[in-house]
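Participant: One structure follows; several queries about it will come next.
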Amino acid sequence: MTVLTKPEVIDTIDELRGQLCLAKQNVAAQGGDAHVVLVPTMGALHAGHRALVRRAADLGAIVVVSIFVNPLQFGVNEDLDTYPRTLDADVAVLAKEGAAFVFAPTIREMYPDGASSTRVTAGAIGSLYEGAARPGHFDGMLTVVAKLFNIVEPDIAVFGQKDAQQVFLVERMVADLNLRLGIEVVPTVREDNGLALSSRNRNLDDPARDAARSLSVGLAAAAAAASAGVPAAIVAAHAVIGAQPLVKLDYLVVVHPHTYLPVADDYRGPARMLVAAVVGSTRLIDNIALDIP
């Protein structure tokens, strides 16, 4: 049941829990299925986020979108202070997509005693790829996601495939900790030129935006070359991305979808290629599924 009205903006945990209890009672009283679906975000919503919320509205009657720029997942010299905060615009967007509640807590509400000493750790995979470039990032991400799961108690949480390593770690946390919810993954939403949508895309000038397209083009080239094996896929991606002087490649790796460890050159089966690069001064990530026969 999708109700296209302005969502209620809530900034405290107690109020959100109370309003969710009432909302579930109201839906149940009308004979509906009172599933709660959570879409965790850091705001600055774009069309990719809107796709997540639309999918959430298909999955449950009560959609909660969290907007919280989580300091635990930002490292030293990262863009915590400059990360865009556009709550009013975000609420206006969500009014068109069927969200019932926007949970927009302050840092003090989420961490009343300062940065929490209890953390969820991402393990070895959390120190690879994005984790190598951003130490502690995934521990901070999993900690706040676990808090949101406990606060909202959703039946389903919706994430985007663009953040592939994040999705893998969240799914593993849910399985490892026997959390009672399902994870729905929505395919990456892209700009017309193929660039994966990201809140950080707004930092790209025109030359950088043109150069950034090489990430998705390189991934597509890898997928086309995958029939010849892992090395061929990697070479194909490097040939495209390496041709762009504005793109500084951080990593390009083919991983097993069930372990997220790099696969051997002679691997056969499903895989995923992950890429990260700094384009101009903006760090971007992308990924694509590979089928290596």
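Participant: Of the conditions (1) part of a helix (DSSP H, G or I); (2) surrounded by 22 or more Cβ atoms within 10 Å (Cβ to Cβ); (3) more than 19 Å from the chain's Cα centre (by Cα), residue 224 clears all except one; give me its number.
Facilitator: Just one mismatch for residue 224, condition (2).
Participant: Out of (1) open to solvent by less than 20 Å² (accessible area, probe 1.4 Å); (2) assigned to a helix (DSSP H, G or I), the odd one out for residue 63 is which?
Facilitator: Only one criterion in (1) open to solvent by less than 20 Å² (accessible area, probe 1.4 Å); (2) assigned to a helix (DSSP H, G or I) is unmet by residue 63, namely (2).
Participant: Here's a check for you: in region 129-150, which residue that is crowded, with 20+ Cβ neighbours inside 10 Å and of a type in the set (A, V, I, L, M, F, W, C) is farthest from residue 37 (Cα to Cα)?
Facilitator: Among those residues, the one meeting the criterion is 138.
Participant: Taking region 167-182, which residues are open to solvent by 40 Å² or more (accessible area, probe 1.4 Å) and not small (Gly, Ala, Ser)?
Facilitator: Across region 167-182, the qualifying residues are 171, 172, 176, 177, 178, 179, 180.
Participant: Against the conditions (1) more than 22 Å from residue 153 (Cα to Cα); (2) among the acidic types (Asp, Glu); (3) open to solvent by 70 Å² or more (accessible area, probe 1.4 Å), where does residue 78 fall short? Just the number, please.
Facilitator: Condition not satisfied by residue 78: (3).
Participant: Look at residue 190 and say whether it is modelled with pLDDT of 95 or more, surrounded by fewer than 20 Cβ atoms within 10 Å (Cβ to Cβ) and within 20 Å of residue 51 (Cβ to Cβ).
Facilitator: For residue 190, the condition - modelled with pLDDT of 95 or more, surrounded by fewer than 20 Cβ atoms within 10 Å (Cβ to Cβ) and within 20 Å of residue 51 (Cβ to Cβ) - is met.
The values are calculated or read from the model by the stated rules, or taken from the named source; none is laboratory data. Quantities reported herein were computed from a predicted structural model and do not represent experimental measurements. Backbone-built Cβ (ideal geometry, glycine too); neighbour counts: all protein chains shown. Protein only, heavy atoms only, side chains kept; ligands, DNA and RNA dropped before computing areas. Shrake-Rupley method; radii C 1.70, N 1.55, O 1.52, S 1.80 Å.
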